[in-house]
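For reference, the structure is listed below as structure tokens.
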Amino acid sequence: MYAIVEMAGQQFKVAKDQKVYVHRLQTEEGKKVTFDNVLLLDDGKNVTIGAPAIDGAAVEAKVIKHLRSDKVIVFHKKRRKGYKKKNGHRQSLTEIVIESIVSSGSKKSAPKKEAAPKKEAAPKAEAKKATPKKAAAKADDLKKIEGIGPKIAETLIAAGISSFAELAKTKSEKISEIIAGVRGNHVTETWPAQAKLAAEGKWDELKKWQDELDGGKA
């Protein structure tokens, strides 16, 4: 029996007792974690395909340890400019072991919640819609941080990080987890510190520092 499941922004084909390395999770070592975004399930007789996910299906795993991958060398060179720069990057990973694949779980209670409070859900939805409007008015241009492009800025805003102050309070490991689905190698170590300078209005100091950075890493 195997399943195709999305874990930390990546899709994996997994089976019971299989070890998998995923982007860093916030779960502590030794604790269990459940992934419910199962896209395909094969029990040996029947193959079930989700639309996009299979209701009630889940993959249960146990966190073995947190680690970092082998170093990847990033070399930049500009022809006829005399410019060369060499950087290294090690991705933060989590090693997990698949303990079980559940084809049907206890998530059938979700439709009951949606069916009962129809009238109460409407005001809550309006309240939630009002909140992003206020946030949008105070949102900062996160692309001013060295290493953040339009796609990453959009992903951070969707995760509730829309200002320099909020980004400065977020740990780089958490940022890496949020943008795990964005293609490319992203170095987030200096983003909170850059955001703190931007939030304090120290633009000259930030600009001087960014001139020494390359993709967000010193």
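Would you please give the FRET efficiency between Ala53 and Glu29, computed as 1/(1 + (r/R0)^6) with r the Cβ-Cβ distance and R0 = 25 Å, to the nearest 0.05? Write down the numbers at each step before the final one.
Working: r = 28 Å, r/R0 = 1.10.
E between Ala53 and Glu29, to the nearest 0.05, is 0.35.
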Which of the trypsin sites (Lys or Arg not before Pro) across the range 155-218 are loop residues per DSSP, with 14 or fewer other Cβ within 10 Å?
-> Lys171, Arg183, Lys202
Phi angles of the range 27-42, converted by Karplus (6.51 cos²θ - 1.76 cosθ + 1.60, θ = phi - 60°) into ³J(HN,Hα) in whole Hz with x for Gly and Pro, give 5, 6, 4, x, 8, 8, 9, 10, 10, 9, 8, 8, 8, 8, 9, 10
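Do any GluC sites (Glu not before Pro) in the range 1-72 lie in a DSSP loop with no more than 14 other beta carbon atoms within 10 Å, and if so, which?
Working: sites: Glu6, Glu28, Glu29, Glu60; in loops: Glu28, Glu29.
Hits after loop and neighbour filter: Glu28, Glu29.
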Express in nm, to one decimal, how much length is gained between Trp203 and Lys62 on full extension, taking 0.36 nm for each residue of separation and deducting their alpha carbon distance.
-> 46.3 nm
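List the trypsin sites (Lys or Arg not before Pro) within the range 1-82 that fall in a DSSP loop (any state other than H, G, I, E or B) and whose Cβ has at most 15 other Cβ atoms within 10 Å.
On the way: sites: Lys13, Lys16, Lys19, Arg24, Lys31, Lys32, Lys45, Lys62, Lys65, Arg68, Lys71, Lys77, Lys78, Arg79, Arg80, Lys81; in loops: Lys16, Arg24, Lys31, Lys45, Lys71, Arg79, Arg80, Lys81.
Those satisfying the criteria are Lys16, Lys31, Lys45, Lys71, Arg79, Arg80, Lys81.
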Per the C-alpha gyration tensor (a ≥ b ≥ c, the square roots of its eigenvalues), the range 1-71 is rounded if a/c is under 1.5, else prolate if a/b beats b/c, else oblate; here it's prolate
Based on the Cβ-Cβ distance from Lys85 to Lys19, what FRET efficiency comes out when R0 is 45 Å, to the nearest 0.05?
-> 0.80
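Give Lys81/Lys143; Lys65/Lys169; Lys19/Lys143; Lys86/Lys174 a once-over and call out the pairs whose C-alpha atoms are over 32 Å from each other. Display every interim value, and only then the final one.
Working: Lys81/Lys143 26 Å; Lys65/Lys169 25 Å; Lys19/Lys143 37 Å; Lys86/Lys174 26 Å.
Flagged as over cut-off: Lys19/Lys143.
Bear in mind that the values in this text are calculations on the coordinates, not laboratory data. The shown structure was predicted, so the numbers you read here are calculated from the model rather than taken from an experiment. Please note: Cβ atoms are built from the backbone with ideal geometry, for glycine as well, and neighbour counts cover all protein chains shown.
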